[in-house]
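Quick notes on the structure that follows.
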Amino acid sequence: MSVVAKVMTVAPIGFEGRIIEVESDTTKGLPSLQIVGMGSKAIDEAKERVKSAIANSLLEYPARRITINLAPAELPKDGTHYDLPIALAILASSGQLRQEELDKAAFAGELALDGTLRPIRGAIVIAEAAKKRGLTHIYLPSANVDQASLIEGIEIIGVDSLKALFLHLKQEMRITPAGKQTGQKSSPEESTGPELDDIYGQEQAKRALIIAAAGPHNILFTGPPGAGKTMLARALSGLLSPLTAEEQVTLTKLYSLAGESTEERVASRPFRSPHHTSSRVSLVGGGTNPKPGDISLAHLGVLFLDELPEYPRSSLEALRQPLEDKTVSISRANGHVVFPADFMLVATMNPCPCGYYGDATHECSCSSMQILNYQKRLSGPLLDRIDMIIPVSRVPHRYLLKSDSVSKKQHKNAQKLINDTKKIQHNRYRSSMKNNGNMTNRDIKKYAALSDEAHALLETASKKLDLSARRYFKTIKVARTIADLDHSEHITPSHISEALQYR
């Protein structure tokens, strides 16, 4: 009577993972290996990798009819990390390993033909799902250990080869589990981009950038070419506060699922800058087996869209729902997944096709119809979701090389001010994931109370400026951040006035 062996692994499905049982049964018949259970092409090709890896590890590949089942069979499965559990299941069903040696553990890894293990995608998701299932330890390629160690409560064991793992399971050679390395692996690298001290003039734009970073709030810079819009946007990456341990786990999961960071953890806030020719799927996410797009990879960081009107309208309109819900929902024929997308949108645009409309020193060559059509590329609902719209003028040439010793500490002072404001928000909401930028209407009533004078000013301005309900609330959110920067518990008329000028 044949023995059915079972080995646990995990299938990353969207942002989460599902436990998969890899079952192996060896019976009499012509030597063959059949894999069932809705596996992809990569899993089908595992047959040859597993056969060579077992043989080259000086283990016995059974000359029998082998059936591998990936249960539950109704769940689509993709990836090369099934190689290791398939090989172990074959060794167990052929009597070379005992079932009890494989219990209470999960296994994942891609096998090379010589039996060594290569790094895989989604290691941190696999470790998290194994922990939730109650498994005590997980075996992964050594290259993935640092990333998986962000998950507490489960023993992470890094493996270099199938042979080494076999000897470990037989207790003939000990593999030392990885030590826990929670929190940041090291201090985030210093920003290589421009700093506020490198930008001459543009004091109002710098002030708006500090408010946007402290919120965070979506911001759009508009002005002629060469005014410094892109430089202002790129200076933002150096103003962002460090990641918390919880945020590191979330970002590392996203980047691991996308295949962009399979071996290391993400230690700094992302700054994504997709080109305007990027497809809608690459921006939003998707594919046959949905993966995170740029808006999810910008989660807890910045999505920078340079020359916003140049992006396809369909791509820009696809941003509307994630900007509101802070998640992106992707539905395909074989499943439905949800990825987080709580990003800060930073964009730039010219006022017209030639870029010089409204410029005091350069004449615009565009017709009124061209200007109107160009500005119509951005829909009203999309602009409604941008908290701050900042006009940026060109700095006179005589100031470009002027030395200013007063502003040399402007960037560091801004960093300290932003970090202090973040702490105020953390204490207010009692959560590192909550901030002024994503307050709900209920939160606004509770945490952003207006004085009578401030409320009267906002009501008057709303009527004159014809603010929509969304813009009305966004003005209050920006004013709440300005008040926090001033260490003021209440929102005063001056805070409302400054918030209104950024509309």
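Considering only the range 234-247, I want to know if a residue exists there that is touching a residue at least 24 places away in the same chain (Cβ under 8 Å), more than 18 Å from E498 (Cα to Cα), more than 22 Å from the chain's Cα centre (by Cα) and surrounded by 24 or more Cβ atoms within 10 Å (Cβ to Cβ). Quick ask: steps written out before the conclusion?
First, the residues of the range 234-247 that are touching a residue at least 24 places away in the same chain (Cβ under 8 Å): 234-247.
Those still in the list that are more than 18 Å from E498 (Cα to Cα) too: 234-247.
Now restrict to residues that are more than 22 Å from the chain's Cα centre (by Cα): none.
Checked against the condition, which is being touching a residue at least 24 places away in the same chain (Cβ under 8 Å), more than 18 Å from E498 (Cα to Cα), more than 22 Å from the chain's Cα centre (by Cα) and surrounded by 24 or more Cβ atoms within 10 Å (Cβ to Cβ), the range 234-247 yields no hits at all.
Report, by residue number, each residue of the range 406-462 that is at positive phi and assigned to a helix (DSSP H, G or I). Break it down stepwise before answering.
Here is the first cut: in the range 406-462, the residues at positive phi are 430.
Result: no residue meets the conditions.
Conditions (1) out of contact with any Phe, Trp or Tyr (no Cβ under 7 Å at 6 or more places or on another chain); (2) among the aliphatic types (A, V, I, L, M); (3) in a loop (DSSP other than H, G, I, E, B); (4) modelled with pLDDT of 95 or more, marked per residue:
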| position | (1), (2), (3), (4) |
| --- | --- |
| D197 | yes, no, no, no |
| S237 | no, no, no, no |
| L243 | yes, yes, yes, no |
| S261 | no, no, yes, no |
| P274 | yes, no, yes, yes |
| V281 | yes, yes, no, no |
| T288 | yes, no, yes, no |
| S296 | no, no, no, yes |
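Rundown of residues vs (1) in contact with a Pro (Cβ under 8 Å, 6 or more places away or on another chain); (2) more than 17 Å from I219 (Cα to Cα); (3) among the aliphatic types (A, V, I, L, M); (4) not in a helix (DSSP H, G or I), yes/no style:
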site	(1), (2), (3), (4)
S331	no, yes, no, yes
G355	yes, yes, no, yes
P381	no, no, no, no
R394	yes, yes, no, yes
L401	no, yes, yes, yes
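Could you please tell me which pairs satisfy a Cβ distance under 8 Å, a separation of 6+ or placement on different chains, a first residue in the range 411-432 that is surrounded by 13 or more Cβ atoms within 10 Å (Cβ to Cβ), and a second residue that is among the acidic types (D, E)?
H411/E195; H411/D197; T421/D484; I424/D484; Q425/D484; Y429/D443; S432/E246; S432/E247
Quick one: G201 ticks every box in (1) within 30 Å of S393 (Cα to Cα); (2) out of contact with any strand residue (DSSP E or B) (no Cβ under 8 Å at 6 or more places or on another chain); (3) in a loop (DSSP other than H, G, I, E, B); (4) modelled with pLDDT of 90 or more bar one, so which box is it?
(4)
Do we find that H455 is out of contact with any helix residue (DSSP H, G or I) (no Cβ under 8 Å at 6 or more places or on another chain) and either of a type in the set (D, E, K, R) or in the same structural domain as E498 (by TED's automatic domain parsing) (or both) in this structure?
Yes; evaluated as a whole, the condition is true for this residue.
Within the range 336-345, does at least one residue satisfy the condition of being closer than 22 Å to N435 by Cα and free of Cβ contacts under 8 Å to residues at least 40 places away in the same chain?
So far as the range 336-345 goes, no, none of its residues is closer than 22 Å to N435 by Cα and free of Cβ contacts under 8 Å to residues at least 40 places away in the same chain.
Going through the range 109-125 one residue at a time, which ones are of a type in the set (A, V, I, L, M, F, W, C) and over 23 Å from the mean Cα position of the chain (by Cα)? Working first, answer last.
Applying the first criterion (of a type in the set (A, V, I, L, M, F, W, C)) to the range 109-125 yields 111-113, 117, 120, 123-125.
If the condition is that a residue be of a type in the set (A, V, I, L, M, F, W, C) and over 23 Å from the mean Cα position of the chain (by Cα), then L111, A112, L113, L117 are the ones that fit.
Answer yes or no: is there a residue in the range 26-48 that is in the same structural domain as T136 (by TED's automatic domain parsing), under 26 Å from T250 (Cα atoms) and touching a helix residue (DSSP H, G or I) at 6+ places or on another chain (Cβ under 7 Å).
No, because not a single residue in the range 26-48 is in the same structural domain as T136 (by TED's automatic domain parsing), under 26 Å from T250 (Cα atoms) and touching a helix residue (DSSP H, G or I) at 6+ places or on another chain (Cβ under 7 Å).
If I ask for residues that are out of contact with any helix residue (DSSP H, G or I) (no Cβ under 7 Å at 6 or more places or on another chain), surrounded by 14 or more Cβ atoms within 10 Å (Cβ to Cβ) and within 25 Å of P381 (Cβ to Cβ), which ones from the range 468-496 would you list?
K474
Scan the range 437-457 and give yes if some residue there is in contact (Cβ under 8 Å) with a residue 60 or more places away in the chain, under 29 Å from Q321 (Cβ atoms) and not aliphatic (A, V, I, L, M), otherwise no.
Checked against the condition, which is being in contact (Cβ under 8 Å) with a residue 60 or more places away in the chain, under 29 Å from Q321 (Cβ atoms) and not aliphatic (A, V, I, L, M), the range 437-457 yields at least one hit.
Looking at I156, I126, I138, can you tell me which residue is modelled with pLDDT of 95 or more, in a helix (DSSP H, G or I), in the same structural domain as K51 (by TED's automatic domain parsing) and not aromatic (F, W, Y)?
Within the list I156, I126, I138, the selection yields I126.
The values are calculated or read from the model by the stated rules, or taken from the named source; none is laboratory data. Remember, it's a predicted structure, so these values are computed and weren't measured experimentally. FYI the Cβ positions are ideal-geometry reconstructions off the backbone, even for glycines, and counts take in every protein chain you see.
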